[in-house]
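J.: One structure follows; several queries about it will come next.
What follows draws every value from the coordinates through simple rules; no lab data is involved. Because the structure is a prediction, the values reported are computed rather than measured. Backbone-built Cβ (ideal geometry, glycine too); neighbour counts: all protein chains shown.
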Amino acid sequence: MTEVIEKKKTIFSGIQPSGILTLGNYIGALRNWVKLQDDPAYNCIYCVVDLHALTVRQDPAALRRRCVETLALFMACGLDPEKNILYCQSHVPAHSELGWLLGCFTYMGELQRMTQFKDKASKHADNINAGLFTYPVLMAADILLYGTDLVPIGEDQRQHLELARDIAIRFNNLYGNVFTVPEAYIGKAGRRVMSLTEPTRKMSKSDEENSYIAILDKPEDIRRKLRRAVTDSDGVIRYDREGKPGVSNLLEILSAITGEEMEALAARFEGQGYGALKDAVADAVIQELSPVRSRYEEFLADKPYLEQIMQNNAGRAAKLALRTMSKVHKKLGLAPYKL
Ligand code: ATP
Ligand code: LTN
């Protein structure tokens, strides 16, 4: 009898160390990463994408500190450095190299259409640098470097993933099957957690402090920010993203954390005031994040251990990256050289 051994699939995702990670990063990305690590069908690679963070000005000391802190947070959320490859993007130079090569297969018009570029360019009008423009090419390189099958991300990254797929298909059409064409993995609830102060915009770690809940916020701060969250004046608890963005965001956060359907939640809170809903969301968020906060403190207390994990895992990632890079060099006709 012949046994069919299925090759394990690869998952890759990344988060920028550009600030304090938020509830949006947690619900939209990190929580799904933790779920996926236990699926035996996958090898998971999760990266602190520090090169991407450089597209806006960073204070060097703060950036250095935040890379280690982000790794500690990955682990505090439950990511296991033995089961997954957890590392820092700049430690594997192949990301930048493939980024350059793929840039030669990406059109200006494609990059000009990216909504994140348009948003960030208007936010940082004094520093619209070329890196901000080619950001999605480096993201495509991150993903394609490892033959990634699945990319767990929030809804805001869907357009970038589509571009990565287009680049992979274009390259494969020219040179044969080099890259795996990746799929997005976007959770059902919480795919786009909105700002608490401007609920028509996504919650973002680079906005002002009251607009987001940081994963490491103290319980009293979480409750205060949620109590102050912008809603509306009609007093009705109902899920309607367009008409009632503030209330819908609260329902969606609650649903993402408790697993209860939005409609069931809306029915449960019918006739109650917004205060009751806000308190319920605060209770759920505090309960979910408290253990993360205490584990984070424990991990962060041992920096040498974290640095060792980064070092070892970068070595594991670099080995995998090398395989793709030598294939790409050969296909492109770069002069032979032992990498
Ligand atoms: P920045 O505000 O610095 O641009 P960010 O908060 O958008 O960053 P990233 O590091 O760029 O965070 O994103 C990491 C992951 O978190 C991505 O998969 C992204 O889709 C997801 N994510 C970020 N914000 C949200 C959100 N508000 N809701 C759901 N997912 C989110
Ligand atoms: N662009 C993403 C972060 C990111 C990423 C990646 C996500 C960089 N490289 C590769 C998934 C896969 C963002 O801005 N959220």
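J.: Relative contact order for the chain: what is it in percent, counting Cα pairs under 8 Å that are at least 6 residues apart?
T.: 21
J.: Another question, then. Considering only DSSP beta bridges with both partners in the chain, what is the antiparallel share in %, to the nearest 5?
T.: 10
J.: While we're on this one: Counting only helical runs of four or more DSSP H residues, what would the 222 nm mean residue ellipticity of the chain come to if each run contributes -39,500 (n - 2.57) and the total is spread over all its residues?
T.: So the calculated ellipticity at 222 nm is -16500 deg cm²/dmol.
J.: Here is a follow-up. Taking the alpha-carbon set of the chain, what are its Rg and Dmax in Å?
T.: 21.0, 72
J.: All other residues with a Cβ under 11 Å from the Cβ of PHE12 taken together, and with Lys, Arg as +1 and Asp, Glu as -1, what is their net charge?
T.: Within the 11 Å Cβ shell, the charges total -1.
J.: Give, as a single signed number, the net charge of other residues whose beta carbon lies under 15 Å from the beta carbon of LEU332, with Lys and Arg counted +1 and Asp and Glu -1.
T.: That sum, taken over residues with Cβ under 15 Å, equals +3.
J.: Using bins 10 angstrom wide from zero, how does P(r) for segment 190-339 break down, in % of all Cα pairs?
T.: All Cα pairs considered, the percentages come to 10, 30, 21, 15, 15, 8, 2, 0.
J.: Based on the mean of other beta carbon atoms within 10 Å per residue, what is the order of 87-93, 115-121, 269-275, most packed first?
T.: 87-93, 115-121, 269-275
J.: Please label the shape of segment 69-155 as rounded, prolate or oblate, based on the square roots a ≥ b ≥ c of the eigenvalues of the alpha-carbon gyration tensor (a/c under 1.5 means rounded; beyond that, a/b larger than b/c means prolate, else oblate).
T.: Note, shape of segment 69-155 comes out prolate.
J.: To the nearest Å, what is the center-to-center distance of segment 232-300 and segment 124-199, using C-alpha atoms only?
T.: 28
J.: Run through every distinct alpha carbon pair of segment 1-116 and return the Kirkwood hydrodynamic radius in angstroms, one decimal place.
T.: 16.1
J.: Check which residues have an amide H placed less than 5 Å from ARG238's amide H, if you skip close sequence neighbours.
T.: none
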